[in-house]
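What follows is a single structure, written as structure tokens, with notes after it.
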Amino acid sequence: MKNIYLPFLLLILFSGCKSTFVIPSFDSKDVPPIPNYNLESSWAVLPSKYTEEFKEFASSQLDTLEADVFYVYPTLNTDKEDPRWNAPINDLEQNDKVLNKAVLYQASALALSGKVYVPFYRQAHIRSFKMFNEGGKAALEIAYADVKKAFEVFLSKYNKERPIILLSHSQGTRHTMRLIADFFDEKELQNKLVAAYIPGIGVKPDLFKTIKPMTKPDETGGFVSWNTYKKGYYPKDDKDWYDGSVTTNPITWDDSKVTTLEQHKGFLYTNKKIYDQALKIEISDGLVWSSNPKFPMRLFMSPIKNYHSGDINLFWQDVKENAALRLNTYLSKN
């Protein structure tokens, strides 16, 4: 049964049910094998291995696309009784989520702007964020090591100095922030960066030295970021990360603080239909506050206040059109 609250569920709220499960200590001996990104099987998506569903959103003439999209997916292992700190890249259940949730409802927004590359990586379990000092840091380091190696192979084997668009969400954004620092910030590769779409986590405006927040819809070479919640809601115990963080308007892509329903270009729902004029937003204190989106069975969403899982697909058409605009601007100048 499809989730009726949000079309793309990434985080599962822990219930109040009692459990005898004991979280194991992090042990390096239990870490899954290191992926080999020279093998196609280590990639969820390559231009040569789009799924049939993904092809519905992609260009039928890939050779005409002038840019590449490198996408890093969010935390998908949210099973509180999964003892693993890192998921192996051959986990069929997790890989199904990667392809049929993350890729289909997030990366698809950029499938007309460039050839899409998505590495499987040993994602850290969601507990890693709450138990950072008890194993989470090590698990996240393992996950980033994979993303970094995949990006190196992407550059040397596939990209061949083409323009790059970065896309990520949540845990994926944590890793992409490090990619930007390691490969783009004050580096020659910065000249190839069209834009980085990095929502789902707090990103401070001064995080990078030369990669800056973009505040115009056709600006290039920088990044945009946002975190979505129901209007009037402030995340509990999370003020340190959202207060003062970059809060891009994902509808107008400028400094506008409010939008109307008419400005919203489209929300991609689980039926793969796009609902335009479905929501309006307000920018407040580091957050994007959204109205209750208009989509089938929307009344069931009323109690939900955290729209984190919909950060991208709530604005799917908006992201798609903005990426095309930024790419066209970049290509016209280079």
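Derivation of every value follows stated rules applied to the coordinates shown; laboratory data play no part. Note that the coordinates shown come from a computational prediction; the quantities given were computed from them, not determined experimentally. Positions of Cβ are backbone-derived with ideal geometry, glycine not excepted, and every protein chain shown enters the neighbour counts.
Condition first: of a type outside the set (Asp, Glu) and within 15 Å of residue 283 (Cα to Cα). Now tell me which residues in the stretch 228-245 satisfy that.
Here is the first cut: in the stretch 228-245, the residues of a type outside the set (Asp, Glu) are 228-236, 239, 241-242, 244-245.
Result: 228, 229, 230, 231, 232, 233, 234, 235, 242, 244, 245.
Condition first: closer than 16 Å to residue 280 by Cβ, part of a loop (DSSP other than H, G, I, E, B) and either in contact with a Leu (Cβ under 8 Å, 6 or more places away or on another chain) or without any contact (Cβ under 8 Å) to a residue 60 or more places away in the chain (or both). Now tell me which residues in the stretch 251-260 satisfy that. Break it down stepwise before answering.
So the first thing to find is which residues in the stretch 251-260 are closer than 16 Å to residue 280 by Cβ, and the list is 251-254, 256-260.
Still in the running and part of a loop (DSSP other than H, G, I, E, B): 251-254, 256-257, 259-260.
Residues satisfying the conditions are 252, 254, 256, 257, 259, 260.
If I ask for residues that are out of contact with any Pro (no Cβ under 9 Å at 6 or more places or on another chain) and crowded, with 24+ Cβ neighbours inside 10 Å, which ones from the stretch 112-124 would you list?
At the first step, the residues of the stretch 112-124 found to be out of contact with any Pro (no Cβ under 9 Å at 6 or more places or on another chain) are 112-113, 118, 124.
Within the stretch 112-124, 113, 118, 124 meet the criteria.
How many residues are acidic (Asp, Glu) and either under 13 Å from residue 224 (Cα atoms) or buried (at least 19 other Cβ atoms within 10 Å of the Cβ) (or both) if we restrict to the stretch 314-334?
Filtering the stretch 314-334 for residues acidic (Asp, Glu) gives 318, 321.
With either under 13 Å from residue 224 (Cα atoms) or buried (at least 19 other Cβ atoms within 10 Å of the Cβ) (or both) added as a condition, the list becomes 318.
Selection size over the stretch 314-334: 1.
Out of the stretch 23-45, which residues are surrounded by 12 or more Cβ atoms within 10 Å (Cβ to Cβ) and assigned to a loop (DSSP other than H, G, I, E, B)?
Scanning the stretch 23-45 gives 23, 26, 31, 32, 34, 35, 37.
A quick yes/no check of all residues on (1) touching a Lys or Arg at 6+ places or on another chain (Cβ under 6 Å); (2) β-branched (Val, Ile, Thr); (3) closer than 27 Å to residue 327 by Cβ; (4) surrounded by fewer than 20 Cβ atoms within 10 Å (Cβ to Cβ):
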residue: 56; (1), (2), (3), (4): no, no, yes, yes
residue: 69; (1), (2), (3), (4): no, yes, yes, no
residue: 76; (1), (2), (3), (4): yes, no, no, no
residue: 81; (1), (2), (3), (4): no, no, no, yes
residue: 95; (1), (2), (3), (4): no, no, no, yes
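Quick one: residue 75 ticks every box in (1) of a type outside the set (A, V, I, L, M); (2) in contact with a helix residue (DSSP H, G or I) (Cβ under 7 Å, 6 or more places away or on another chain); (3) part of a helix (DSSP H, G or I) except a single one, so which number is it?
Evaluating residue 75 over (1) of a type outside the set (A, V, I, L, M); (2) in contact with a helix residue (DSSP H, G or I) (Cβ under 7 Å, 6 or more places away or on another chain); (3) part of a helix (DSSP H, G or I) leaves (3) as the failure.
What's the number of the only condition in (1) outside any helix (DSSP H, G or I); (2) surrounded by fewer than 24 Cβ atoms within 10 Å (Cβ to Cβ) that residue 140 fails to meet?
With respect to (1) outside any helix (DSSP H, G or I); (2) surrounded by fewer than 24 Cβ atoms within 10 Å (Cβ to Cβ), residue 140 is out only on (1).
Does residue 113 satisfy being in a helix (DSSP H, G or I) and closer than 30 Å to residue 55 by Cβ? So that I can check it myself, show each step before the final result.
Numbers: in a helix (DSSP H, G or I): no; closer than 30 Å to residue 55 by Cβ: yes.
In short, no.
State which residue pairs qualify: first residue touching a residue at least 60 places away in the same chain (Cβ under 8 Å) and inside the stretch 137-149, second residue among the polar types (S, T, N, Q) and assigned to a helix (DSSP H, G or I) in any location, beta carbons under 7 Å apart, and separation of 6 or more residues or different chains.
Within 7 Å, the pairs are 139/128.
Residues checked against (1) under 24 Å from residue 241 (Cα atoms); (2) in contact with a strand residue (DSSP E or B) (Cβ under 6 Å, 6 or more places away or on another chain):
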site: 255; (1), (2): yes, no
site: 261; (1), (2): no, no
site: 270; (1), (2): no, no
site: 277; (1), (2): no, no
site: 284; (1), (2): yes, no
site: 304; (1), (2): yes, no
site: 308; (1), (2): yes, no
site: 315; (1), (2): yes, no
site: 326; (1), (2): no, yes
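Within the stretch 207-218, can one find any residue that is of a type in the set (Lys, Arg), under 19 Å from the mean Cα position of the chain (by Cα) and under 21 Å from residue 107 (Cα atoms)? Give the derivation first.
Going residue by residue through the stretch 207-218, those that are of a type in the set (Lys, Arg) are 209, 212, 216.
Then keep just the ones that are under 19 Å from the mean Cα position of the chain (by Cα); that gives 212.
Among the residues that remain, those that are also under 21 Å from residue 107 (Cα atoms) are: none.
No, that holds for no residue.
Before we move on, is residue 320 in a loop (DSSP other than H, G, I, E, B) and of a type outside the set (Asp, Glu)? Explain how you work it out, then say what you get.
Working: in a loop (DSSP other than H, G, I, E, B): no; of a type outside the set (Asp, Glu): yes.
No; evaluated as a whole, the condition is false for this residue.
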